[in-house]
Amino acid sequence: MEFTEHILERYAERIQEKTKKNEIKQFVAQNRDRIKSNIQKLFDSADFLCQTKIKDHNVTNFYVNKDGWVLISDKENKKLITLYKVDLFLGTEFNKYYIEKMMEDIKEKMSAYDYLTQVEDENKKQRNNDIKECEAEISSLKTRIKWLEENIKLYEQQNSESDARLKVKKDEVQQQIENFVGARIFE
């Protein structure tokens with residue numbers, strides 16, 4: 001695992017209580033391997049809390065140990081970025097109790113969220129399939145409507161042709177009657 005310079009400096013500042021910038025840098029330079037080893041131990045004792053994106057930062061992983069140390073790694077868990085302690089200043093035992101209960105509560109909520117995500121993904125998948133079926137049905141109905149509209153035009157054309165044939169025949173009969181009786185029939 002890689003360690004950023006930032007986490008090494010935060011270790012010197014927050015665990016070794018070095019306060020001045022030069023003092024922090026000197027401590028890190030003289031104790032780099034020991035700091036890395038101690039940070040690795042903190043990380044190994046921590047439980048995964050979540051993977052999330054905070055503000056404009058990249059996606060990161062959060063780990064918390066029973067003593068309240070939060071360690072943040074990159075998305076791939078190849079590099080430790082920083083560390084800090086959750087401390088309510090109400091005593092060690094209360095802090096441990098608080099951290100334990102918060103971890104339980106967060107894990108329970110994350111589990112519920114993961115389950116809901118799975119259910120909703122399945123529902124979405126089914127709805128997307130339903131949408132595709134509806135779209136296919138709409139397409140089929142549009143094709144059917146177009147075919148029916150074309151049939152209507154054809155039937156209307158056939159009716160017009162039929163009316164024209166009838167008129168021709170009627171006119172022929174009327175002409176023959178007029179010729180036979182010698183008078184024009186008025187309608």
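Quick note: the coordinates plus some simple rules give every number you see, no bench work behind them. What you see is a predicted model; the values in this text were computed from it and never measured. Cβ atoms come from the backbone with ideal geometry, glycine included; neighbour counts cover every protein chain shown.
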**Q.** Net dipole in debye of the chain [+1 Lys, Arg Cβ; -1 Asp, Glu Cβ; about Cα centre; nearest 20]
**A.** 920 debye
Q) Which of these, 20, 169, 36, has the largest mean-square fluctuation under a Gaussian network model of the chain (Cα springs below 10 Å)? A) 169
Q: Taking amide H positions as placed in the peptide plane 1.01 Å from N, state which residues far from residue 15 in sequence (5 or more) or on other chains have amide H under 5 Å from it.
A: none
Q: List every residue whose amide H lies under 5 Å from the amide H of residue 50, counting only residues 5 or more places away in sequence or on a different chain, with H placed 1.01 Å from N in the peptide plane.
A: 62
Q: Over the chain, calculate the relative contact order: mean separation of alpha carbon pairs under 8 Å at least 6 apart, over the residue count, as a percent.
A: 14 percent
Q: Can you tell me the relative contact order of the range 2-86? Whole percent, Cα pairs under 8 Å, sequence separation 6 or more.
A: 29 percent
Q.
Using each residue's phi in the range 14-26, evaluate 6.51 cos²θ - 1.76 cosθ + 1.60 at θ = phi - 60° and report the 3J(HN,Hα) Karplus result to the nearest Hz, with x for Gly and Pro.
A. 8, 9, 8, 6, 7, 10, 8, 4, 5, 5, 4, 5, 5
Q.
Taking the Cα centre as origin and putting +1 on Lys and Arg beta-carbons and -1 on Asp and Glu beta-carbons, what dipole magnitude results for the range 93-176, to the nearest 20 debye?
A. 520 debye
Q: Express in whole angstrom the spacing between the alpha-carbon centres of the range 95-112 and the range 29-82.
A: 18 Å
(Q) If every alpha-carbon in the range 49-147 counts as one equal scatterer, what log10 I(q)/I(0) does Debye give at q = 0.23 1/Å? (A) -1.16
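Counting helices only, and only those DSSP H runs with n ≥ 4, report the 222 nm mean residue ellipticity of the chain as the sum of -39,500 (n - 2.57) divided by its residues, in deg cm²/dmol to the nearest 500.
Mean residue ellipticity at 222 nm (helix-derived): -24500 deg cm²/dmol.
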Q) Along the positive direction of the dipole of the range 93-176 (beta-carbon charges: Lys, Arg +1; Asp, Glu -1; about the Cα centre), which of 129, 147, 175 reaches farthest? A) 175
Q | Radius 15 Å from Cβ of residue 21, net charge of other residues (Lys, Arg +1; Asp, Glu -1) | A | 0
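Could you please report the charge total around residue 156, scoring K, R as +1 and D, E as -1 over all other residues with beta-carbon less than 13 angstrom from its beta-carbon?
In short, -3.
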Q) From the residues 160, 40, 63, which one has its Cα farthest along the dipole of the chain in the positive direction, the dipole being from +1 and -1 charges on Cβ of Lys/Arg and Asp/Glu about the Cα centre? A) 40
Q: Name the long-range amide H neighbours of residue 3: under 5 Å, sequence gap of 5 or more, or other chain; modelled H, no Pro or chain starts.
A: 80
**Q.** Spatial extent of the chain: Rg and Dmax, with the Cα atoms as the point set, Å
**A.** 42.2, 135
